[in-house]
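Some notes on the structure that comes next.
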Amino acid sequence: MPADTATPTDTPTVQIDIVSDVMCPWCIVGYKQLEQALGAVGVGAFLRWHPFELNPQMPAEGQNMAEHLAEKYGSTPAQSVENRKRLTQMGQDLGFTFNFSDDTRMQNTFAAHQLLTWAQVQGLQHPLKMALFDAHFTQGRNVNDTDVLADVAASVGLDRDEALEVLRSGSFAEQTREAQQFWTSRGISGVPSMIFEGKYLITGAQGAENYAQILRKVLEERDAAA
């Protein structure tokens, strides 16, 4: 699917698979950097988002973000505040709003990933992914709550009742687990992980220029093989 808008027929398109989690601030930062790179190089993207859970054991009620980072990474309160400031500024520079607070919570994302798996079939996976990042980081909503997820799905044109059925039935749970296992079995252990044309892997938010270099390399190789 195109990254944002329909790609003109005379514009080259690069396939990009992105393994990510809605809880990962660097995933939306990385995507916005990629978006800049696509514009700079003048190419379109056929994007596919793939599931990865940073915290698969996260309880249903979630956990305070600062407490979670302290437990998982040993971050001090001062380091946590500084990291939030840095991310907030990076987001602002990229056109994305992070609204961190002392009450920001990490959530379990398996339900959100199931909804994204279903949304891919509906052709609305990318807008749903963007809306979920916005719901969590900008609006501070609980993206593990069934009604919140259904509302976010409806906001991008998906059927709310169908979204609720997907979540309540778990009809996409197995497919989502299989997708997670596929990527972890291939060595993906950190996100965002972007795979360009099925052969070039870049992990982490690496900046617009680095992404642009990969895009140019892909196009050069394509031209050479033509």
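Summary table
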{"read-out": "For the stretch 167-226, radius of gyration divided by Kirkwood radius, i.e. Rg to Rh on alpha-carbons", "value": "1.14"}
{"read-out": "Peptides 103-115, 23-35, 81-93, 138-150 ordered by average Cβ neighbours within 10 Å, highest first", "value": "23-35, 103-115, 138-150, 81-93"}
{"read-out": "MRE, 222 nm, helices only [DSSP H, n ≥ 4, -39500 (n - 2.57), over the chain, to nearest 500]", "value": "-16000 deg cm²/dmol"}
{"read-out": "As computed over the stretch 150-198, the Cα convex hull volume per residue (Å³)", "value": "120 Å³"}
{"read-out": "Hypothetical label at GLN92: residues of the stretch 126-168 whose amide nitrogen lies under 16 Å (7 Å Cα-Cβ projection)", "value": "138"}
{"read-out": "GLU165, GLU71, reordered so the largest accessible area comes first (probe 1.4 Å)", "value": "GLU71, GLU165"}
{"read-out": "Spin-label model distance (nm) - PHE46 vs ARG160, 7 Å beyond Cα toward Cβ", "value": "3.5 nm"}
{"read-out": "Overall form of the stretch 46-120 per C-alpha gyration tensor (a/c, 1.5; a/b vs b/c)", "value": "oblate"}
{"read-out": "Rounded percent of accessible protein surface that carbon and sulfur make up, the stretch 99-208, 1.4 Å probe", "value": "42 percent"}
{"read-out": "Average projection area in nm² (convex hull over Cα atoms of the stretch 125-220, one quarter of hull surface)", "value": "7.8 nm²"}
{"read-out": "Accessible carbon and sulfur surface of the stretch 1-90 relative to its total accessible area, %, 1.4 Å", "value": "55 percent"}
{"read-out": "Heavy-atom surface of the chain, accessible at 1.4 Å and reported per residue (Å²)", "value": "48 Å²"}
{"read-out": "The chain: mean projected area of Cα convex hull, nm²", "value": "12.6 nm²"}
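The values are calculated or read from the model by the stated rules, or taken from the named source; none is laboratory data. Quick caveat, the model's predicted, so the values are computed rather than measured. A quick note on method: Cβ atoms are made from the backbone with ideal geometry, for glycine too, and the neighbour counts reach across all protein chains shown. Remember, those area values only see protein heavy atoms, side chains included, never the ligands or the DNA or RNA. Shrake-Rupley method; radii C 1.70, N 1.55, O 1.52, S 1.80 Å.
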